[in-house]
1. I'd like the full set of residues that are surrounded by fewer than 22 Cβ atoms within 10 Å (Cβ to Cβ), touching a strand residue (DSSP E or B) at 6+ places or on another chain (Cβ under 9 Å), hydrophobic (A, V, I, L, M, F, W, C) and at pLDDT 90 or above, limited to region 4-19.
2. Can you tell me which residue is modelled with the lowest pLDDT among those in region 45-68 that are exposed (fewer than 15 other Cβ atoms within 10 Å of the Cβ) and of a type in the set (A, V, I, L, M)?
3. Quick one: in region 44-59, of everything that is aliphatic (A, V, I, L, M) and under 17 Å from PRO25 (Cα atoms), which residue is farthest from the chain's Cα centre (by Cα)?
4. How many residues are outside any loop (DSSP other than H, G, I, E, B), among the polar types (S, T, N, Q) and without any contact (Cβ under 8 Å) to a residue 40 or more places away in the chain when one looks only at region 12-41?
5. Among LEU41, LEU23, LEU37, which is the only one that is more than 9 Å from the chain's Cα centre (by Cα) and surrounded by fewer than 17 Cβ atoms within 10 Å (Cβ to Cβ)?
6. Could you run through region 18-46 and say how many residues are out of contact with any helix residue (DSSP H, G or I) (no Cβ under 9 Å at 6 or more places or on another chain) and more than 21 Å from ARG67 (Cα to Cα)?
7. If LEU9 satisfies all but one of (1) out of contact with any Pro (no Cβ under 6 Å at 6 or more places or on another chain); (2) on the phi > 0 side of the Ramachandran plot; (3) not in a helix (DSSP H, G or I), what's the number of the condition it fails?
Amino acid sequence: MCVGAQVPLGRLSAATLSALADLAPRLRMTPWQSVMLLDALSAAAQAVVKQLIALGLATTPDEPFARLIACTGSQGCAKSFVDTKTFSLGPCPPRAMST
C-alpha cells in the first residue's frame, strides 16, 4: 500500500526523514514537495497516517500545507530577493514544523 503526505514547504529535518524511513520500507520524494511511503502495510495504514500527522505533515487535502508550494527563494536561488519558505509560514503556520 502507498501512503502519501505533504511536506511543509518541502523541508524535512534529518530526524523527520529518519522517522519516515521507519514507517515504510521505501520512500519516494515527489517534485510537488510531498513524500510517498511505498509498500506500507495495509493493516497499519491508520497508524501510519497518525504518525505522519505527529511529524507535522499534511495528510488531508483541506490542510493549508496540502495546497501550498513555495520555490527555493533566496536561500537557494540567486535570482530571488526573499526567503519564500519563511515568508510562506505567515498565512498558514504548520502544526509542528520539525525543521
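The values are calculated or read from the model by the stated rules, or taken from the named source; none is laboratory data. Keep in mind that what you see is a predicted model, and the values were worked out from it rather than measured. Positions of Cβ are generated from backbone atoms using ideal geometry, with glycine treated the same way; all protein chains shown enter the neighbour counts.
1. The answer is LEU17, and nothing else.
2. Of everything passing the filter in region 45-68, ALA45 is modelled with the lowest pLDDT.
3. ALA44
4. Within region 12-41, the subset outside any loop (DSSP other than H, G, I, E, B) is 14-23, 26-29, 34-38.
With among the polar types (S, T, N, Q) added as a condition, the list becomes 16, 18, 34.
Among the residues that remain, those that are also without any contact (Cβ under 8 Å) to a residue 40 or more places away in the chain are: 18, 34.
So the answer is 2.
5. On the way: LEU23 fails: surrounded by fewer than 17 Cβ atoms within 10 Å (Cβ to Cβ); LEU37 fails: surrounded by fewer than 17 Cβ atoms within 10 Å (Cβ to Cβ).
Step by step, each of LEU41, LEU23, LEU37 is checked, and only LEU41 is more than 9 Å from the chain's Cα centre (by Cα) and surrounded by fewer than 17 Cβ atoms within 10 Å (Cβ to Cβ).
6. Looking only at that region, the number is 10.
7. It fails just one condition, (3).
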